[in-house]
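First the structure, in the form of structure tokens, and then the observations on it.
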Amino acid sequence: MGNYDVTALGELLIDFTENGVSGQGNPLFEANPGGAPCNVLAMLSKLGRQTSFIGKVGKDFFGEQLKSAVMEVGIHADSLYMDEEVHTTLALVHTEPDGDRDFSFYRNPGADMMLTEAEIPAQQIRDSKIFHFGTLSMTHEGVRAATRKAVGIAKESGAVISFDPNLRPPLWKSLEDAKEQVKYGLAHCDVLKISDNEIQWFTGEEDFDAGIQKLRGQYQIPLILLSMGKEGSRAYYKDLRVEVKPFLQEKTIETTGAGDTFGACCLHHVLKYGMDGFDEQKLVEMLTFANAAASIITTRKGALRVMPSPAEIEELIKG
């Protein structure tokens with residue numbers, strides 16, 4: 001069992017992030033490698049874990065850039081396909097003054113959603129201790145079937161299944177459709193990473209604890225990780241509820257990848273202790289480490305190639 005610690009499936013795309021203004025007064029954009037699943041894997045690779053990715057980019061300039069970025073950070077990329085017809089998916093990210101982000105996507109279609117069932121590498125998934133996915137690979141029928149096939153193989157092989165809804169409303173025909181796919185993820189995962197606004201949206205509860213309680217009434221999810229931005233994070237595990245304050249940074253420039261970095265650090269601890277191995281102290285250790293790593297990524301542009309090292313994370317915690 002397990003050549004790979006974590007295999008993730010999903011979107012790999014270019015995040016065009018604003019980077020100042022040209023001499024002529026036009027906005028300048030930087031082409032950052034993006035996409036939540038590979039951000040998660042990049043952080044895990046930085047922590048010394050063996051990672052692999054399943055997804056699709058276009059056979060174009062950006063696709064080549066993404067493939068080399070993924071390999072550069074140590075993610076196994078044999079199942080990163082390149083589509084001859086459809087271009088690499090692009091996202092334009094506008095950062096609001098308060099650090100929040102507004103996305104517009106070029107994905108009609110984009111290569112990431114062209115992944116097919118036939119391309120799912122069964123053996124690679126069977127060789128993985130954790131399988132991780134989100135909902136961007138569930139917005140359209142073909143890639144949705146591919147995702148479900150992969151989840152089925154992971155379940156059968158006894159892998160821990162990790163899910164992050166990572167809701168991007170512009171990519172869905174309707175939010176009802178999004179809700180259906182999130183339900184699928186919730187019904188199949190062992191580890192759920194969910195954000196404050198996602199839990200409120202999904203459950204209709206303002207209060208996070210009430211929302212989580214509602215979720216646990218419907219789904220048997222052993223470990224739920226709640227990211228609350230500037231409020232820190234919580235873990236819900238068996239009858240434990242642990243909350244850890246954030247590490248607030250004065251130098252925060254953008255929040256891209258913070259949730260992915262946080263989630264990756266939690267998966268690192270799942271690998272360290274096993275799903276049954278947590279107690280209150282270990283949950284505090286996990287959230288402290290994850291909060292620290294996430295806060296470092298908010299001081300950098302992009303995420304995939306600039307993940308913090310274990311030493312940097314430990315230093316922030318000690319400091």
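The values are calculated or read from the model by the stated rules, or taken from the named source; none is laboratory data. Everything quoted here is computed from the prediction, not taken from an experiment. As a convention, Cβ positions derive from the backbone with ideal geometry for all residues, glycine included, and neighbour counts pool all protein chains shown.
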Task: Cβ pairs under 8 Å, 6+ apart, first in the stretch 5-31 and among the aromatic types (Phe, Trp, Tyr), second assigned to a loop (DSSP other than H, G, I, E, B) - done: none
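A quick yes/no check of all residues on (1) more than 19 Å from MET71 (Cβ to Cβ); (2) among the hydroxyl-bearing types (Ser, Thr, Tyr):
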| residue | (1), (2) |
| --- | --- |
| LEU9 | no, no |
| ASP15 | no, no |
| ASN19 | yes, no |
| SER22 | yes, yes |
| PRO27 | yes, no |
| ASN32 | no, no |
| PRO37 | no, no |
| GLY48 | no, no |
| THR51 | no, yes |
Task: All positions within the stretch 106-145 that are surrounded by fewer than 23 Cβ atoms within 10 Å (Cβ to Cβ) and in a helix (DSSP H, G or I) - done: MET114, GLU117, ALA118, GLU119, ALA122, GLN123, GLN124, ARG126, GLU141, GLY142, ARG144, ALA145
Open item on the list: Based on this model, can you work out whether PRO169 counts as of a type outside the set (Val, Ile, Thr) and loosely packed, with under 15 Cβ neighbours inside 10 Å?
Closed with: yes
Task: So ASP98, is it of a type in the set (D, E, K, R), part of a loop (DSSP other than H, G, I, E, B) and either more than 20 Å from ASP164 (Cα to Cα) or free of Cβ contacts under 8 Å to residues at least 12 places away in the same chain (or both) - done: yes
Open item on the list: Among (1) touching a Lys or Arg at 6+ places or on another chain (Cβ under 9 Å); (2) assigned to a helix (DSSP H, G or I), there is one condition ALA77 misses while meeting the rest; what is its number?
Closed with: (2)
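Looking only at helices (runs of 4 or more DSSP H) that fall completely inside the stretch 159-273, which ones have 1 or more residues that are touching a Ser or Thr at 6+ places or on another chain (Cβ under 6 Å), small (Gly, Ala, Ser) and modelled with pLDDT of 95 or more?
Values: elements: 175-188, 196-203, 208-218, 258-273.
Once the helices (runs of 4 or more DSSP H) in the stretch 159-273 are filtered for at least 1 residues that are touching a Ser or Thr at 6+ places or on another chain (Cβ under 6 Å), small (Gly, Ala, Ser) and modelled with pLDDT of 95 or more, what remains is 208-218, 258-273.
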Task: Qualifying position, being outside any strand (DSSP E or B), under 21 Å from VAL306 (Cβ atoms) and of a type in the set (Phe, Trp, Tyr), among PHE53, PHE62, PHE103 - done: PHE62
